[in-house]
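Structure record follows, encoded as structure tokens.
The values are calculated or read from the model by the stated rules, or taken from the named source; none is laboratory data. Here the structure is a predicted model, which means the values were calculated and not measured. Here Cβ is always computed from backbone atoms with ideal geometry, including for glycine, and neighbour counts include all displayed protein chains. Heavy atoms of the whole protein, side chains included, go into the accessibility calculation; ligands, DNA and RNA do not. Shrake-Rupley method; radii C 1.70, N 1.55, O 1.52, S 1.80 Å.
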Amino acid sequence: MRNPNSLLKEYFGYNEFRPNQLEVIEHTLSGQDSVVVMPTGGGKSICFQIAALMLEDLTLVISPLISLMKDQVDSLTTNGINAAFFNSSQSDFEKREILNACMAGEIKLLYISPESLVMAFDNWLKSLKISLIAIDEAHCVSMWGHDFRPEYGQIKNLRAFLGKTPFMALTATADKITRRDITKQLGLNEPEIFLSSFNRPNLSLAVKGHVPKKNKVTEIINFIKNRSDEAGIIYSLSRKETEQWSETFNNAGISSRFYHAGLNPETRAQVQDGFINDNYQIICATVAFGMGIDKSNVRWIIHTNLPKNIEGYYQEIGRAGRDGMPADTLLFYNFRDIILLNDFIKDSPFKDTYVEKINRMVNYAEATSCRRNILLSYFGEFNDTKCNNCDICENPPEIIDGLTQAQMALSGILRTNQQVGVNMLINLLRGAKTMDIFEKKYNEIKTYGVGSNYSFYDWQHYINQMINYGYLEIAYDDHLKLVVTDAGRNLLKPDAEISLSRPPEKKSKAVKQTAKKQKAVAPKNDLTQALKKYRKEIAQKNSVPAYVIFNDSTLNEIVTQKPNNHKLLLDIPGMGKVKVERFGDDILKIVNDLNSIVDLDKLPSHIQTFKLYEKKLDIQEISQKRDLSENTIYGHLSKLYEEGYDVNLHKFVSEYEVNQVKEVRRKLKSKHQLKPVHDALEGQLNYIQIGLALTIISKIEQDN
Ligand code: ADP
Ligand code: ZN
């Protein structure tokens, strides 16, 4: 039996397994069932793919999403592994061909949709020799999961029928109820549970609260402009918003498409394919977008509103950076979002659960400690070291004594008989001279203007915290007026204490810094562009997404390491044997062609000139490219000639002219000065030609 590590290298080009991958493979090879829980992008597929390569017969992969199936099969075939899929999108003829190939043992992995499985089970499935059943998106079997598919129920019969065949159920859903239900509903046989960390350290996390719509637009546009060429997804709550955002971007000269469940299936497929194939940089979408997308080079995710729960949010941001390279996520939210979300669920029988989930989401958004730790603790992983890749870690809030501010706010609310909302309260505290303040005579109450030394923004920050800590409540059913809670009233007592965080600087450093970091790992140079272009051409020729050929992280490794032979190319993570065989020569040629230019500035100046001379650039062009005078370039050519480089000086000075110089020089005493030669020739040759002629002469003399 082949060694799993060498298969990983040979077929996928990776040097080592990620945590749990090898364990899952070995457990499967020993014939036992397993449940594999890994976050999106964690590397679930490798588990059953390598196992499949090691097992004798066919591995059947049950997968609910047709688009994903095709992607995986494309990736496998590109890596030289025989794989196929079987689903309702195919003709009877195609299906028969595939079955024949399976019977003949020519296919290692067969992907099948749950619908087709139901029919296959009564039909041909029983006559195939099957070594392993892998169930992708296994949470679909559970009513508790977020994507219940009744056809998954059939798998239980398959389990009973294939008594000894190992089953591997895979999911990114972390919650315990779903996990337990998977075992039960699939009828798994005392499976081992492999639970991986949900941490995705390459995703930066940033949140911005209460940003006015106009500023939000500017901030998002700037965010995108800092990431030209990089694919990203913008999630919004409503269909209408996705359309508005897309229009905003298109008006700002950024091409984008929108996607939501209201579009017809063809348009949806078209938008999705365009995104996968890098034709559209940005998709403005509802959460309906992304389920079937395995695109590894999504570099950023923005949420324009607060998502309804942390599970969904984590899954959505998880679609960025699947290739392990840095990716940025940014979440905007405000109180309107909270109202809207609560409104959606107000008639649901599960209202209490949903409210609780919204509250956890709000806590995350309003966090004053490391955001990653909050997310991970939600999934049951505890960690108290700072992640240093979230806005809080990079710009920790300063905690101050907030009693004065809190008491001012409370007094303002109570003296107006709890009739003010956040904005009115702030205007009152700051002594604003607005119409409604005067109409309501708020300028006459004692608190009017006491908080004028804090900005509007500061006040928003303090009041939001008081709401989050439960000192104030928002009356969602009564014009969003602020209500003081019992805890709030206690703050008016003499020995009360309250700590608040100081308002952060307005511009979040985290977003800017991660943008910089990103630039550092994704160098945008000629070689990157050339490799991207090549990748796109090959992808189009083979009708597969570009990242199937090689992903961004592989591309960056090639750019950094600049391999110059097949062996070095094989060392690049992501370049397996078959890929090197197929694309190696082309890639090496591109690297070689551009390498000379890419690293030019490290070479001595005259050698840099030589590299351009070799490319048949004329003197004027070289001088322009190098930003040096033509005289200097001629000087370089002389030096190169002296050092034996293949430089033809006779292009600039003929044999005849060289002989003229030789003649004149014989008569003159000073052998190396230009002026006497120039004068003697009465200006027939210019100084450059004389200089070059002298170089040729002295080289001939030396060589003799
Ligand atoms: P999941 O199905 O869990 O969302 P995938 O199986 O699609 O994740 O893997 C995500 C990415 O990680 C893919 O680009 C895959 O090639 C890569 N990957 C998986 N295992 C490894 C590994 N051991 N080393 C390097 N990259 C890996
Ligand atoms: Zn952090």
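When we screen Thr434, Thr485 for residues that are open to solvent by less than 70 Å² (accessible area, probe 1.4 Å) and farther than 27 Å from Ser501 by Cα, the only hit is Thr434.
Here Glu230 clears all of (1) over 28 Å from Ser369 (Cα atoms); (2) without any contact (Cβ under 8 Å) to a residue 12 or more places away in the chain except the condition numbered (2). What residue, among those in region 18-28 that are near ligand 1 (Cβ under 10 Å from one of its atoms) and modelled with pLDDT of 95 or more, is surrounded by the fewest Cβ atoms within 10 Å (Cβ to Cβ)? Per the criteria, the residue is Leu22. Among the numbered conditions (1) touching an Asp or Glu at 6+ places or on another chain (Cβ under 9 Å); (2) buried (at least 18 other Cβ atoms within 10 Å of the Cβ), the only one that Leu588 does not meet is (1). Scanning region 206-232 for residues being more than 22 Å from Arg336 (Cα to Cα) and open to solvent by less than 20 Å² (accessible area, probe 1.4 Å) gives a total of 6. Against the test of being over 16 Å from Leu330 (Cα atoms) and under 18 Å from the mean Cα position of the chain (by Cα), the options Ile276, Ile177 yield a single qualifying residue, Ile276. Restricting the search to helices (runs of 4 or more DSSP H) fully inside region 51-166 and requiring at least 3 residues that are crowded, with 22+ Cβ neighbours inside 10 Å gives 66-78.
For region 1-50, give me each residue that is in a loop (DSSP other than H, G, I, E, B) and among the hydrophobic types (A, V, I, L, M, F, W, C).
If we filter region 1-50 for residues that are in a loop (DSSP other than H, G, I, E, B), which is where we start, we get 1-3, 13-20, 30-33, 38-43.
Passing the criteria: Met1, Phe17, Met38.
Within region 636-663, the set of residues being assigned to a loop (DSSP other than H, G, I, E, B), open to solvent by less than 40 Å² (accessible area, probe 1.4 Å) and within 17 Å of Leu681 (Cα to Cα) comprises just one member, Val653.
Taking residues in region 619-635 that are open to solvent by less than 50 Å² (accessible area, probe 1.4 Å), and partners anywhere that are aromatic (Phe, Trp, Tyr) and not in a helix (DSSP H, G or I), the pairs with Cβ atoms closer than 9 Å and at least 6 places apart or on different chains are Ile619/Phe652; Tyr634/Phe652.
Within region 261-307, restricting attention to residues that are of a type in the set (Phe, Trp, Tyr) and modelled with pLDDT of 90 or more, the residue that is farthest from Arg200 (Cα to Cα) is Phe275. Only one entry of Ile293, Ile301, Ile282 meets the criterion of being crowded, with 23+ Cβ neighbours inside 10 Å and either within 16 Å of ligand 1 (Cβ to nearest atom) or farther than 22 Å from Asn215 by Cα (or both), and that entry is Ile301. You will find that of Gly31, Gly41, Gly80, the residue that is within 13 Å of ligand 1 (Cβ to nearest atom), in the same structural domain as Thr178 (by TED's automatic domain parsing) and on the phi > 0 side of the Ramachandran plot is Gly41 and no other.
Residue by residue, here is whether (1) within 16 Å of ligand 2 (Cβ to nearest atom); (2) closer than 17 Å to Ile135 by Cβ; (3) among the polar types (S, T, N, Q); (4) in contact with a Gly (Cβ under 9 Å, 6 or more places away or on another chain) holds:
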position	(1), (2), (3), (4)
Leu7	no, no, no, no
Tyr14	no, no, no, yes
Glu23	no, no, no, no
Ser30	no, no, yes, no
Met38	no, yes, no, no
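For Thr173, the requirement of being touching a residue at least 60 places away in the same chain (Cβ under 8 Å) and either buried (at least 17 other Cβ atoms within 10 Å of the Cβ) or part of a helix (DSSP H, G or I) (or both) is met. Quick check on region 542-585: of everything there that is among the charged types (D, E, K, R) and assigned to a loop (DSSP other than H, G, I, E, B), which residue is surrounded by the most Cβ atoms within 10 Å (Cβ to Cβ)? Among those residues, the one meeting the criterion is Lys562. Among the residues of region 14-50, those identified as of a type in the set (Phe, Trp, Tyr) and within 24 Å of the chain's Cα centre (by Cα) are Tyr14, Phe17.
Residues are listed down the side, and each one gets a yes or a no for (1) among the aliphatic types (A, V, I, L, M); (2) farther than 30 Å from Asn453 by Cβ; (3) in contact (Cβ under 8 Å) with a residue 60 or more places away in the chain:
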{"position": "Asn334", "(1), (2), (3)": "no, no, yes"}
{"position": "Asp352", "(1), (2), (3)": "no, yes, no"}
{"position": "Asn388", "(1), (2), (3)": "no, yes, no"}
{"position": "Glu398", "(1), (2), (3)": "no, no, yes"}
{"position": "Leu403", "(1), (2), (3)": "yes, no, yes"}
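Highlighted here are the helices (runs of 4 or more DSSP H) found entirely within region 343-419 that include at least 1 residues which are open to solvent by less than 20 Å² (accessible area, probe 1.4 Å), more than 16 Å from ligand 2 (Cβ to nearest atom) and within 20 Å of Ser499 (Cα to Cα): 351-365, 403-415.
Just so you know, in region 529-544 the residues that are farther than 19 Å from Pro573 by Cα and not polar (S, T, N, Q) include one that is farthest from ligand 2 (Cβ to nearest atom), and it is Lys541. Among the residues of region 608-618, those that are hydrophobic (A, V, I, L, M, F, W, C) and open to solvent by less than 30 Å² (accessible area, probe 1.4 Å) comprise Phe610, Leu612. For region 182-205, a residue qualifies if it is open to solvent by less than 40 Å² (accessible area, probe 1.4 Å) and over 30 Å from Ile133 (Cα atoms), and the qualifying residues are Asn202, Leu203, Ser204, Leu205.
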